[in-house]
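Read-outs: derived from the displayed coordinates by stated rules, not from any lab. Quantities reported herein were computed from a predicted structural model and do not represent experimental measurements. Don't worry about glycine lacking a Cβ; one is built from the backbone with ideal geometry, like all the others, and counts go over all protein chains shown.
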Amino acid sequence: MLRFAPSPTGDLHIGNLRAAILNYIIAKQTNDRFLIRIEDTDNARNIDGKDKEILGILNLFGLFWDRLVYQSENFKQHNIIANELIKKGKAFYCYCTKEFLALKKEEAIKEGRAFRYDDSWALQCRDINPNPVIRLKGADSTTIFFDEIKGECKFSKNEIDSFVIIREDGIPTYNFACSIDDMIYDISYIIRGEDHTSNTPKQILVRQSLGYLKEIKYAHLPIILNQYGKKMSKRDNESSVSWLLSQGFLPQAIINYLLSMGNKPKKEIFNLKEALEWFDIKTLSKSPVKFDIDQLRYINREHLKALNLKDMANLLESSDLSIGALAKVYLEEASTLNELRDKIALIFSKKEITSDNMRLIRDNIMKLVDKDSKSLEDFNSLKAKLIGLTNLNGKDLFQPLRYLLTGANKGPLLNDIYIYLRFYLKEILRS
Ligand code: GLU
């Protein structure tokens, strides 16, 4: 089984969405199941409703799961297993107070060495600390695992000292809960962000201590950098999937972009269904990748171009195919749904009449709407009629006409958009 394990502690980050897409793709390609596990171990940081929001986004992106679980459902099981580890001599109670550990850390800093937990400290504060934690015994040999993207990863035993698996309140730590759950749900392949690479040997050690022999495959995805080359954080708007959606990027375009990052996919523009046929995780680059909003805009525009008129209209909150067609023309100068919405809103906005010519043109079109709608059928006959009625031509006619019809002084050829506007003339020209 494959899994995606989001924490309900904030907006879904594009790095996490990328992991979700890749896990989904591998599940489909290998005919395996796809599990969503909400990792709600961090009570203080969990945000009410974030789980539902994340699930809603996964649905929107077409990443449907076979099973959904919440990590907290297994807390009892995690505690039972921790106690088994104690019985086996692989874990122990540690009574060290926070103050004691802080002191030891300070000592290490002063002496210029890395802090490492010493198992002999476990009972030191027994008399003053009624709430011990449980620690797993650190590694006694080197841990090696093979990463599908990074290759061999090696961690010396010094890097993995005895670490906390159950906190003083009985809640399991992330590494413990994650490792046990990957075992319980029979996970075969884990794809997640590079920031978890150093957790992997700890999670392997948990399962080894239990005698669980199944080898799990790993792929750690390179981090995503912002435009300044720094790790993309919550402060970068573009890192939030909800933000990208709110700006009018299409889910299929975001998927296309995320699968193209640090990669040379077979095609430039594709959807998830196509990617299932040829996507190969091994082709992903090991190096961090910069998020390039201009490239996403380009891809988004291509996906908008590919929409049928009905879908385009619906996305713009209209049931009229003309609006869909109008939007398609405006893709000449827009790359997101929001930009299209703005262009269309401008067309339907109330225009300020700024010259006598403009007033003359507007009044004449309004008259034609009521009395001679035949002459409004196409742009050429409207043009001919207006030249006759107003005695205007060239710039004097077309500049005010463009503004009256579109709310802008520049834009697509009027000839290309007029057929979609003609049934709305009254609304467009209202005063
Ligand atoms: N809850 C972790 C995260 O959101 C999951 C990491 C993992 O896939 O193991 O980063």
Under 5 Å from the placed amide H of Arg33, counting only residues 5+ away or on other chains, we find Leu2
Burial ordering of Arg126, Arg235, Arg33, fewest other beta-carbon atoms within 10 Å first: Arg235, Arg126, Arg33
Ranked on Cβ counts within 10 Å of their own Cβ, fewest leading, Trp65, Trp278 go Trp278, Trp65
Convert each backbone phi in the range 363-368 into a coupling constant with the Karplus relation 6.51 cos²θ - 1.76 cosθ + 1.60 (shift: θ = phi - 60°), then list the ³J(HN,Hα) values in order as whole Hz, x for Gly and Pro. 4, 5, 5, 4, 5, 5
Report, in deg cm²/dmol and to the nearest 500, the calculated mean residue ellipticity at 222 nm for the chain, where each DSSP H run with n ≥ 4 adds -39500 (n - 2.57) and the sum is divided by the residue count. -13500 deg cm²/dmol
Which one, Asn131, Asn263, Asn23, has the greatest fluctuation when you compute a Gaussian network model over the chain with C-alpha springs under 10 angstrom? Asn131
Pick from Leu60, Leu103, Leu346: which residue has the top mean-square fluctuation in a GNM of the chain where Cα pairs under 10 Å get a spring? Leu103
Farthest towards the positive end of the dipole of the chain, among Cys94, Thr200, Leu17 and with Cβ unit charges of +1 on Lys and Arg and -1 on Asp and Glu, lies the Cα of Leu17
Along principal axes, largest first, the alpha-carbon spread of the chain in whole Å comes out as 100, 44, 38
Length-normalised contact order of the range 219-333 in % [C-alpha pairs under 8 Å, at least 6 apart]: 26
So how tilted is helix 174-184 from the main axis of the chain? Cα-based, degrees 0 to 90, rounded to 10. 90
Long-range amide H partners of Lys137, meaning residues 5 or more apart or on another chain whose placed amide H is closer than 5 Å, are Ala91, Phe92
Grab the range 127-216 and count how many Lys pairs have their alpha-carbon atoms under 15 Å apart, sequence gap of 8 or more, or different chains. 4
Please list the non-local residues whose amide H lies under 5 Å from the amide H of Lys217, H modeled 1.01 Å from N, same-chain partners needing a gap of 5 or more. Tyr189, Ile190
Excluding Val369 itself, what net charge comes from residues whose Cβ is under 10 Å from its Cβ, given Lys and Arg +1 and Asp and Glu -1? +2
By the gyration tensor of its Cα atoms, with a ≥ b ≥ c the square roots of the eigenvalues, what is the shape of the range 244-399: rounded for a/c under 1.5, prolate for a/b over b/c, or oblate? prolate
Using Cα pairs under 8 angstrom and six or more residues apart, how large is the relative contact order of the range 7-110, in percent? 29
With springs only between Cα atoms under 10 Å apart, run a GNM on the chain and tell me which of Gly112, Gly262, Gly89 wobbles the most. Gly112
Taking the DSSP beta bridges in the chain as the whole, what percent of them are antiparallel, to the nearest 5? 50
Using only the Cα atoms of the range 1-120, what semi-axes does the equivalent ellipsoid have when each is the square root of 5 times a gyration tensor eigenvalue? Give whole Å, largest first. 36, 19, 15
